[in-house]
Every structure is written in C-alpha cells, then in structure tokens.
Amino acid sequence: MTSHPLFRQEALDHATGRLDGHVLLATPLATWCALAIIIAVLGLATWFATTASYTRMESARGWLVPEGGLARVLAGAEGFVTALMVSEGDHVKAGQPLARIGTPGQNTQYRATPRSPSRTGLVHAPLDGRVEAVRVQLGEYVAQGTSVAVVAAGDGLVAEILLPSHALGLVEAGQRLRLRYDALHLGHHDAQEGVVTHVSSAPLLPEEAGNGRIAFTKPVFPIRVSLPAQWVNVGGRSEPLRAGMLVTAEVARAPQTLFESMYQTAR
C-alpha cells in the first residue's frame with residue numbers, strides 16, 4: 001500500500017523557502033537633518049575651542065605708600081597734649097611744630113594735680129611732607145614713645161604691590177596695571193590704571209611681607225606702580241587717595257585657548 005504525504009510538495013517548498021534579496025530600511029529626512037546639525041555643532045565647538053583665546057587675570061595685593069616713605073613722629077616724653085598745630089592733610093616743613101606736650105617732671109600725681117610744675121615739649125616734623133594722620137587728641141595723656149602723627153615724605157603716593165612668584169614673569173617696567181582700592185567702591189570704569197616703574201628681583205619671605213596687614217604663605221616680589229592721579233572718581237565725586245589704603249592690582253596672563261585652559265584644569 002502506497003502512502004501519500006499529507007501536504008503537496010509545492011506547499012512544503014513554499015513554507016520552507018525564503019525570499020531572495022536585501023532588506024531596505026527607509027530613513028526619514030528629519031533624521032538626516034538632525035545628524036547633520038549634530039555634526040556641524042560638534043565641528044564648530046571643536047574649532048572654537050582650539051582657536052578662540054581669552055586672557056586670564058592674576059590678582060596681587062598691596063597698599064599705597066608715599067614716594068619718599070612714611071615717618072612716624074613719637075612723643076619724646078610722657079605728658080598731656082596741650083596743643084595741636086596741624087591737621088590731617090596739612091603740608092609741613094622739616095622742624096615745624098606739630099604738637100605740644102606738657103610733661104609733669106618729677107610729680108607722679110600730675111593727673112590729680114594739674115597745676116603742679118611742668119615742662120613743655122614740642123613735637124616737630126622730621127621732614128618735609130604731608131600729615132597723613134594725627135594719632136592723639138587735645139588733652140590726651142600720652143606715654144613716651146607714643147605715635148603722635150604720621151608724616152608722608154613728598155606729595156605723591158605710589159602703589160607697592162607684592163607679586164606672587166608665579167606671576168613675576170608677567171610684569172615688566174612700563175606695563176600698565178588696573179588698580180582697585182578696598183576702601184572705595186569702584187565701578188569697572190572707575191578703576192585706575194597705573195604704570196609699573198620698578199620690579200624687584202629680590203623676594204620677600206612670608207614673614208617679611210604684609211606688615212601684619214596681608215597674610216602671605218609664599219615668597220613675593222615687591223613692585224612699584226605710579227598713579228595717574230592722587231584721587232579717584234567715586235560716583236561722580238573726587239575722593240583723595242591716602243597712604244596705607246589697600247589696593248588690588250590685576251595682572252594679565254598670557255592669552256590661551258579654551259582647549260588649553262580645559263587641559264590645564266584637568267591635569
């Protein structure tokens with residue numbers, strides 16, 4: 001007895017066969033546009049990072065000092081201030097009286113008996129200059145060696161900036177630096193531009209620099225910066241500059257690209 005297959009051979013061939021050819025997936029036009037935009041943006045960002053440059057600013061601290069230095073006038077003996085002959089801002093000549101101090105001599109009860117015999121001593125200016133500060137008041141009792149006044153030699157002030165060692169190569173004589181004063185609230189356009197007149201080649205150790213006003217942890221190099229004026233514009237009014245004012249100088253570093261900056265930051 002001959003057995004016959006359940007399905008015809010043609011049906012079996014059709015079920016097990018496969019189509020010949022390649023599968024084509026259609027890509028929408030929007031996908032190609034988005035891909036082109038992404039590639040263009042990445043290319044533009046790479047070009048900008050490797051060609052665009054900017055200048056970083058390095059800050060250095062310091063203060064204003066008279067061109068000829070400061071002279072502190074001290075009381076030669078103890079006593080009461082019986083007269084003040086000058087005020088802050090006055091110009092004085094060497095030897096000019098600044099104050100008179102009545103000294104009690106041998107009477108230790110001078111405070112309780114002001115009519116006791118006394119000697120009168122004058123305090124004189126040691127040099128020509130400008131009175132930057134008067135440290136005592138009329139009638140005040142002062143001990144020997146007390147600071148009576150501070151006289152600035154000469155008429156002009158300069159900025160003494162203490163430059164970090166890593167920024168020493170960025171500054172040279174004749175270079176302009178932007179100066180900002182801590183005591184004055186200056187806008188961007190009100191800051192002064194000074195000119196570097198001297199760059200010291202001898203560093204100051206941290207304990208030598210700062211004079212107790214600014215803390216340093218590494219050696220610094222003093223530089224002198226001349227000022228364009230002895231006053232600065234603050235909100236439309238002129239404010240005189242004074243010795244001892246703290247100042248910040250902005251030093252421009254060498255221009256670098258964004259790629260260089262990011263590489264240095266990542267290191």
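For region 66-103, residues that are over 25 Å from Val225 (Cα atoms) and of a type outside the set (Ser, Thr, Tyr) total 24. Looking for something at pLDDT below 80, exposed (fewer than 10 other Cβ atoms within 10 Å of the Cβ) and not assigned by TED's automatic domain parsing to the domain that holds Ser147 - is there at least one such residue anywhere in region 95-116? No, region 95-116 has no match at all.
Listed by first and then second residue, the pairs with beta-carbon distance under 7 Å, at least 6 apart or on different chains, first residue in region 191-205 and under 20 Å from Trp231 (Cβ atoms), second of a type in the set (A, V, I, L, M, F, W, C) and exposed (fewer than 12 other Cβ atoms within 10 Å of the Cβ), are Thr197/Ala173. Condition check for Leu241 on (1) without any contact (Cβ under 8 Å) to a residue 12 or more places away in the chain; (2) surrounded by 17 or more Cβ atoms within 10 Å (Cβ to Cβ): one failure, at (1). Which numbered condition in (1) surrounded by 14 or more Cβ atoms within 10 Å (Cβ to Cβ); (2) in a loop (DSSP other than H, G, I, E, B); (3) modelled with pLDDT of 90 or more is the only one that Gln144 fails? Against the list (1) surrounded by 14 or more Cβ atoms within 10 Å (Cβ to Cβ); (2) in a loop (DSSP other than H, G, I, E, B); (3) modelled with pLDDT of 90 or more, Gln144 comes up short only on (1).
Filter region 117-126 down to the residues that are modelled with pLDDT under 90 and not charged (D, E, K, R), then identify the one that is farthest from the chain's Cα centre (by Cα). In this case the residue turns out to be Pro117.
The values are calculated or read from the model by the stated rules, or taken from the named source; none is laboratory data. It should be emphasised that the depicted structure is a prediction, and the values quoted were computed from it without experimental measurement. Cβ: placed from backbone, ideal geometry, glycine included. Neighbour counts: every protein chain shown.
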